[in-house]
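Okay, structure first, notes after.
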Amino acid sequence: MTEQLTQLQSLDEKHHIHPFTDQGDLNDRGTRVITRAEGVYLWDAHGHKLLDGMAGLWCVNVGYGRKELAQTAYDQMMELPYYNSFFQCTTPPTIKLAEKLAELAPEHINNVFFTGSGSDSNDTILRLVRHYWACRGEPMKSVIISRKNGYHGSTVAGASLGGMTWMHEQGNLPIPGIVHIDQPYWFGEGGDEDPNEFGLRVARQLEEKILDLSVDRVAAFIAEPIQGAGGVIIPPETYWPEIQRICDKYGILLISDEVICGFGRTGKWFGADYFGVKPDFMPIAKGLSSGYLPIGGVMISDRVADVLKNDGGELAHGYTYSGHPAAAAVALKNLQIIQDEKLVERVEQDIGPYLQKRWRELGDHPLVGEVRGVGLIGALELVKDKAKRERHPGNGKVGTLCRDACTANGLVMRATGDTMLVSPPLVITHEQVDELVEKARKALDDTLQAIEDGALAED
Ligand code: PMP
């Protein structure tokens, strides 16, 4: 394998540009080639076994190696591998998936527009939001308010709606008509303020921004229920009710980006259910098919769908793969597995509380400044001084050290700056949670040792 692997790595270096990767750095280290997976485990080309604490990219909710999903894809591809939903056509799996999603979504949401990914979904939303207000005779209402450090994908609209300034720096983003307010990140930005006071104050920035821009220019507010890629930022409990109040008061559409929180991650079907908010749009992807085939969608509330359906004319928007039958069939089967195995209930009542209990034990580690989590999602903030919430020098270097220590210990954990993230498959067992926490602790010990040995000193 070693020779074959070296050859694969050199071909990769020659021909493959990776997403979110410093290509020079990658080529120095050599790409990790993942060759197979089963349940919650991955194997790389060296035969190293890794517990996948991230469910791929927060998506493999039902775990790897599900033969039913492979069989469904095979059967559908033999029957009808592709047809589109343009020109008054569609396919049976597409219709059935739309019906199933309407059943699972909050009561006031009964329509879906299919896309190929989370980014496509947010591009679609940008257009639908503006089209909706134009249909209502208010085309001036076009500004979307979003949040700093939010993540909504990496297409032009997705990255603009997102609030990652390092992404904006490439490609002259954000596009006009999108403005950002602060995130509800108490640990990083709340200082000495009480978390709930902080939550209210940050939510009220939405009201200030609406008044500042003038209500007749503001179309919508978009946010992730829990910020995922930004570092698993869980808002204080005062935050979402205040956001809902403000959206209701000013008649602003609310977009809950469910790409990570959707399909059981929080112990509810959607993050909006968890926080008790009533969105007009929900972008979905990832857990919709557990990543087995690419598919996404935009779920649309009745009040918006009624306008689009009755007053919208021809919708000048759509993708070749909107409602792709093989992807839709796999997504439908995936949702059936989640329902049959009661995975959402399992996250709420059993494995979620267990992960949270074990995960919080890591709070006693000298490197850990805060442990937080909900359901099957968690974060550890790595710090130099717990009481002062002071970071180590090196701007994310400790996170990278810890991520590498995790991999060396057989665990995939993601680092966002110096925040370590987990989001394992919903089928993870109690024993596997124990293994995850044990490996994470060993990685923290190794990271601390590396710091003591001067790993940060070169900076
Ligand atoms: N929204 C959120 C909240 C996400 O986390 C992501 C991906 N991590 C996206 C949108 C973009 O999804 P995709 O990568 O499928 O385009």
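Taking the stretch 209-309 and the strands (runs of 3 or more DSSP E) fully enclosed by it, the elements with 2 or more residues that are over 30 Å from residue 190 (Cα atoms) are at 296-301. Scanning the stretch 311-325 for residues that are modelled with pLDDT under 95 and in a helix (DSSP H, G or I) yields a single hit, 311. Residue count for the stretch 12-44 satisfying the condition of being of a type in the set (Lys, Arg) and assigned to a strand (DSSP E or B): 1.
The rows are residues; the columns are (1) modelled with pLDDT under 95; (2) part of a loop (DSSP other than H, G, I, E, B); (3) surrounded by 24 or more Cβ atoms within 10 Å (Cβ to Cβ).
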site: 327; (1), (2), (3): no, no, yes
site: 330; (1), (2), (3): no, no, yes
site: 334; (1), (2), (3): no, no, yes
site: 339; (1), (2), (3): no, no, no
site: 347; (1), (2), (3): no, no, yes
site: 359; (1), (2), (3): no, no, no
site: 366; (1), (2), (3): no, yes, no
site: 373; (1), (2), (3): no, no, no
site: 378; (1), (2), (3): no, no, yes
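Taking the criterion of being buried (at least 21 other Cβ atoms within 10 Å of the Cβ) and of a type in the set (Gly, Ala, Ser), the residues of the stretch 306-325 that qualify are 322, 323. Being assigned to a helix (DSSP H, G or I) and loosely packed, with under 12 Cβ neighbours inside 10 Å is a property that does not hold for residue 57. Scan the stretch 271-287 for residues that are touching a Phe, Trp or Tyr at 6+ places or on another chain (Cβ under 8 Å) and more than 10 Å from the ligand (Cβ to nearest atom) and the total you get is 5. Residues in the stretch 77-130 that are of a type in the set (Ser, Thr, Tyr) and more than 24 Å from the chain's Cα centre (by Cα): 82, 83, 85, 90, 91. Pairs linking a residue in the stretch 11-25 that is closer than 28 Å to residue 151 by Cα to a residue that is open to solvent by 100 Å² or more (accessible area, probe 1.4 Å), with Cβ atoms under 8 Å and 6 or more positions apart or on different chains, are 23/17. The residue pairs whose first member lies in the stretch 230-258 and is more than 16 Å from the ligand (Cβ to nearest atom), whose second member is hydroxyl-bearing (Ser, Thr, Tyr), and whose beta carbons are closer than 9 Å, counting only pairs six or more residues apart or on different chains, are 253/132; 253/301. Given the condition away from the ligand (no atom under 16 Å from the Cβ) and outside any loop (DSSP other than H, G, I, E, B), answer yes or no: does some residue in the stretch 79-86 qualify? Within the stretch 79-86, one or more residues are away from the ligand (no atom under 16 Å from the Cβ) and outside any loop (DSSP other than H, G, I, E, B).
When the criteria are applied in full, residue 282 fails the requirement of being outside the structural domain of residue 57 (by TED's automatic domain parsing), farther than 23 Å from residue 149 by Cα and either at pLDDT below 95 or open to solvent by less than 30 Å² (accessible area, probe 1.4 Å) (or both).
In summary, helices (runs of 4 or more DSSP H) completely within the stretch 96-198 and bearing 1 or more residues that are touching a Leu at 6+ places or on another chain (Cβ under 6 Å) and open to solvent by less than 10 Å² (accessible area, probe 1.4 Å) occur at 118-135, 156-161.
The values are calculated or read from the model by the stated rules, or taken from the named source; none is laboratory data. This structure is a prediction, so every number in the text was calculated from the model and none was measured. Don't worry about glycine lacking a Cβ; one is built from the backbone with ideal geometry, like all the others, and counts go over all protein chains shown. Surface areas here come from the heavy atoms of the whole protein model, side chains and all, with no ligands, DNA or RNA. Shrake-Rupley method; radii C 1.70, N 1.55, O 1.52, S 1.80 Å.
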